[in-house]
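Written below as structure tokens is the structure these notes are about.
The values are calculated or read from the model by the stated rules, or taken from the named source; none is laboratory data. Everything numeric in this text was worked out from a predicted model, so none of it was measured. Positions of Cβ are generated from backbone atoms using ideal geometry, with glycine treated the same way; all protein chains shown enter the neighbour counts.
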Amino acid sequence: MLTEIKVRKAIRGDKQAFLDLIEPQKEKLYKIAYTYVKNEQDALDIIQETICKAYVSLDNLKKPKYFNTWLVKILINISITTLNRNKKIIYLEEKEVECDNSSISKCDDRLDLLTELGKLDSKYRDVIVLKYYEEFTIKEIAEILNIPIGTARTNLYRGLEVLRKSMKEMVI
């Protein structure tokens, strides 16, 4: 409810209300953008473009309660546009992961999962990332990706199945 009030203020031109809405979203936006571009600088550029586009087109938001969903949808569209514009191939950067001796296998498993997730078709990867990393509901995912709820569910289950098979093959 408080978010809706801030959104309405921002629509009326209150810059501080807009900043108050964006601030708690920054980390989530970065994670989603980074998932797409696998590059810190590109992810930061995407966030900046998303915030600018959201500010300029805020009056186009029809339902203030969907501000967060609307913002993520803008971010995903800009991320996809950036990927297409740069014609980049999605690679997972090797990150240095801090692990103690007792959790090395967990770290390896996590890196394997991220590698396999990066190999998935984008329609599957998008749904899995939004569901399990960003904790959106299937309905919200469908709205963000502009697809029917049934398609979102299907892409989630098919993507998980592909991921399970590829992970099982790695173990064998």
| field | Members of region 45-80 that are part of a helix (DSSP H, G or I), within 16 Å of A142 (Cβ to Cβ) and without any contact (Cβ under 8 Å) to a residue 12 or more places away in the chain | value | N77
| task | Please state which of the following conditions T50 fails to meet, knowing it meets all the rest: (1) within 14 Å of the chain's Cα centre (by Cα); (2) exposed (fewer than 12 other Cβ atoms within 10 Å of the Cβ). | result | (2)
| Pairs, first farther than 19 Å from L145 by Cβ in region 156-170, second acidic (D, E) and surrounded by 12 or more Cβ atoms within 10 Å (Cβ to Cβ), C-beta under 9 Å, six or more apart | S166/E116; M167/D109; M167/D112; M167/E116; M170/D112; M170/E116
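Scan region 124-172 residue by residue and report those that are in a helix (DSSP H, G or I) and hydroxyl-bearing (S, T, Y).
Y124, Y132, Y133, T151, T154, Y157, S166
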| note | Scanning region 137-153 for residues that are free of Cβ contacts under 8 Å to residues at least 60 places away in the same chain and either small (G, A, S) or under 12 Å from Y66 (Cβ atoms) (or both) gives K139, A142, G150, A152
| note | Given (1) of a type outside the set (S, T, Y); (2) in contact with a helix residue (DSSP H, G or I) (Cβ under 8 Å, 6 or more places away or on another chain); (3) at pLDDT 90 or above, C52 misses just (2)
